[in-house]
Amino acid sequence: MIRDQATLNQLIDVIARFVRERLVPAENQLAEEARLPADILQEMKDLGLFGLTIAEEYGGLGLTMEEEILVAIELGRTSPAFRSIMGTNNGIGSAAIVFSGTAAQKQKYLPKYASGEWISCFCLTEPEAGSDAAALKTTATREGDFYILNGTKRYITNAAVADTFNVMARTNPDIKGARGISSFIVEKGTPGIALGAIDKKMGQSGSLTCDVIFEDCAVPAENIIGEEGEGFITAMKVLDRGRLHISGVSVGVAERLIADALDYAIQRKQFGKPIAEQQLIQAMLADSQTETYAAKCMTLETARKRDNGDNISTESSACKLFATEMVGRVADRAVQIHGGAGYMAEYAVERFYRDVRLFRLYEGTSQIQQIIIARNMIKSAS
């Protein structure tokens, strides 16, 4: 749902120009230094990029899902690590509070997220609970006016710079699986929180991930999000939206890769003519363009359904499955079109080839999306 096309066009134009003029030229610096330049971080805050999806009453822009996807596509045209720093504030780091938080929680945290004053992160994955997220072992034991958290979270994006941690923990050890899990807001500086070393990853340099360790960490009972036992349900709602967002980012990255590959193919000459005139090169370009268009259409259609209040669990997983697999294929073709140059770090396609591999893993692997889709199909047919 697009509320005001003219206003949205202005926002898209501003973001597209920011990506083109500020972020793309800084891609190599981000990759080499593995940290977002401070001046760019401040510009992101000034542009309101940390509050894209947070309601206007809390200082955000309150974008609809369709509007968010259109913005995500623009942000996808540069290194995914730029989007990562603000992604948790707009998505998995804040969404639980948006969906299930109390009025006091929303008033306390959402304005700080929207302005970028505070960075949030989402703590679900554990050493023994990845795809099987409901098997998490982190515990939250009620003691008076506090919950005592113990456990370790793994691969947590933005944990190294986070001011708050949205933590999934088991409040009822007698209930196995999802129904015994609750969600908590834990603030930085709370005694009992420790961070592991920054992870060294295949790609997305500058997107910081690390372990978060809770050891007898006392969290005020008022910091529980929703009711006890509702945390996993909230987490799945959060991921439904997050999967659509990643689909939009995948489309943006694919469009950037196609543009780079096409530009190279037009300029590069072999056998006395541009390689863009070779039919096998044209076939790769055409396949990439077609798949990207398909992913864009299905993602925007699903976003509109969500804005209309429809249950989009199946469609969200379908978008995430197709779009993230698609961008992997587009990246592979882009490297192939570049030939040996595509294997060299001086060309962006080499970095994107590594960066996009993560899209098929986080917020639910491709195989988990297949399981969700099939289970929902069977459930609907029963």
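We did not get these values from a lab; they are worked out from the coordinates using the rules stated. Everything numeric in this text was worked out from a predicted model, so none of it was measured. Cβ placement follows ideal geometry from the backbone for every residue including glycine, while neighbour counts extend to all protein chains displayed.
I want to verify the translational diffusion coefficient of the range 5-115 in µm²/s; compute it with Stokes-Einstein, Rh as the Kirkwood radius over Cα pairs, at 4 °C and 1.567 mPa s.
90 µm²/s
Take each of the peptides 275-283, 180-188, average the number of other beta-carbon atoms within 10 Å over its residues, and list them starting from the highest.
180-188, 275-283
In whole Å, what three semi-axes, largest first, describe the equivalent ellipsoid of the range 233-381 built from its Cα gyration tensor (square root of 5 times each eigenvalue)?
34, 15, 12
Using mean Cβ contacts within 10 Å as the protection proxy, how do 152-163, 136-147 order, highest first?
Peptide ranking by packing, descending: 152-163, 136-147.
Could you work out the equivalent-ellipsoid semi-axes for the range 120-227, taking the square root of 5 times each eigenvalue of the Cα gyration tensor, largest first, in whole Å?
Ellipsoid semi-axes (Å, largest first): 23, 16, 11.
Which ordering of HIS245, HIS338 is given by a fewest-first count of other beta-carbon atoms within 10 Å?
HIS338, HIS245
Please order VAL71, VAL253, VAL19 by the number of other Cβ within 10 Å, starting at the fewest.
If I rank by nearby Cβ atoms, fewest first, I get VAL19, VAL71, VAL253.
Quick check on the chain: what are the equivalent-ellipsoid semi-axes from the Cα gyration tensor, as sqrt(5λ), descending, whole Å?
Semi-axes, largest first: 36, 22, 21 Å.
Determine the calculated [θ] at 222 nm for the chain from helices alone, applying -39500 (n - 2.57) to every DSSP H run no shorter than 4 residues and normalising by the residue count; nearest 500 deg cm²/dmol.
Computed mean residue ellipticity for the chain: -16000 deg cm²/dmol.
Any chance you could check the Cα centroid distance between the range 50-80 and the range 332-382 for me, in angstrom?
22 Å
At a 10 angstrom cut-off on C-beta neighbours, averaged per residue, how do the peptides 44-50, 309-315 rank from highest to lowest?
The peptides rank, most packed first, as 44-50, 309-315.
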